[in-house]
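The values are calculated or read from the model by the stated rules, or taken from the named source; none is laboratory data. Predicted model, so just to flag it, every value in this text is computed and none were measured. No Cβ is skipped: glycine too gets one built from the backbone with ideal geometry, and neighbour counts run over all protein chains shown.
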């Protein structure tokens, strides 16, 4: 399979899952960063984890496990949390989630797919702007968390 098809498929799956779940970008972005930190901490142990699970110990399996660890917190939060109510909010949130997730996954994905001419421009753009994308994405995530409105307890009747 061509590398560009794999990269586009990953991006489409991330976008569609975030769009359909309607979850806000703030919590998903911070969950992605938590997953990235965990995968970075367990980077050298990914081969051992692959051996325990029963997957062959190779660069491909380690990259697959690191990708799964990076995405796991965000995937779990796709089923719980605050949601967007508008079409534009869902579209922007899903787009930001996809961009941030691809930026966090660019290193493991580069071990799984061969970077050729058709993917090299996308890959090099993500690598060259990685710090800016991650810094901006996490800043927007925190701002988005502040923009969420907590569930009001006004609906519950108070007993005095």
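Which one of the conditions (1) over 22 Å from residue 139 (Cα atoms); (2) touching a helix residue (DSSP H, G or I) at 6+ places or on another chain (Cβ under 9 Å) does residue 9 fail to meet, given that it meets all the rest?
(2)
Conditions first: (1) under 18 Å from residue 20 (Cα atoms); (2) at pLDDT 90 or above. Residue 136 passes all but one, so which condition is the exception?
Of everything listed in (1) under 18 Å from residue 20 (Cα atoms); (2) at pLDDT 90 or above, residue 136 misses just condition (1).
Working only within the stretch 80-112, note down all residues that are surrounded by fewer than 23 Cβ atoms within 10 Å (Cβ to Cβ), closer than 14 Å to residue 14 by Cα and touching a strand residue (DSSP E or B) at 6+ places or on another chain (Cβ under 9 Å).
Answer for the stretch 80-112, where residues must be surrounded by fewer than 23 Cβ atoms within 10 Å (Cβ to Cβ), closer than 14 Å to residue 14 by Cα and touching a strand residue (DSSP E or B) at 6+ places or on another chain (Cβ under 9 Å): just 90.
Within the stretch 53-79, take every residue that is touching a residue at least 40 places away in the same chain (Cβ under 8 Å) and assigned to a loop (DSSP other than H, G, I, E, B) and give me the one that is farthest from the chain's Cα centre (by Cα).
Checked the stretch 53-79; the qualifying residue farthest from the chain's Cα centre (by Cα) is 79.
Please verify whether residue 76 is in contact with a helix residue (DSSP H, G or I) (Cβ under 7 Å, 6 or more places away or on another chain), surrounded by fewer than 18 Cβ atoms within 10 Å (Cβ to Cβ) and at pLDDT 90 or above, treating the condition exactly as stated. Talk me through it step by step, then tell me what you get.
Working: in contact with a helix residue (DSSP H, G or I) (Cβ under 7 Å, 6 or more places away or on another chain): no; surrounded by fewer than 18 Cβ atoms within 10 Å (Cβ to Cβ): yes; at pLDDT 90 or above: yes.
Here the answer is no, as residue 76 does not meet what is asked.
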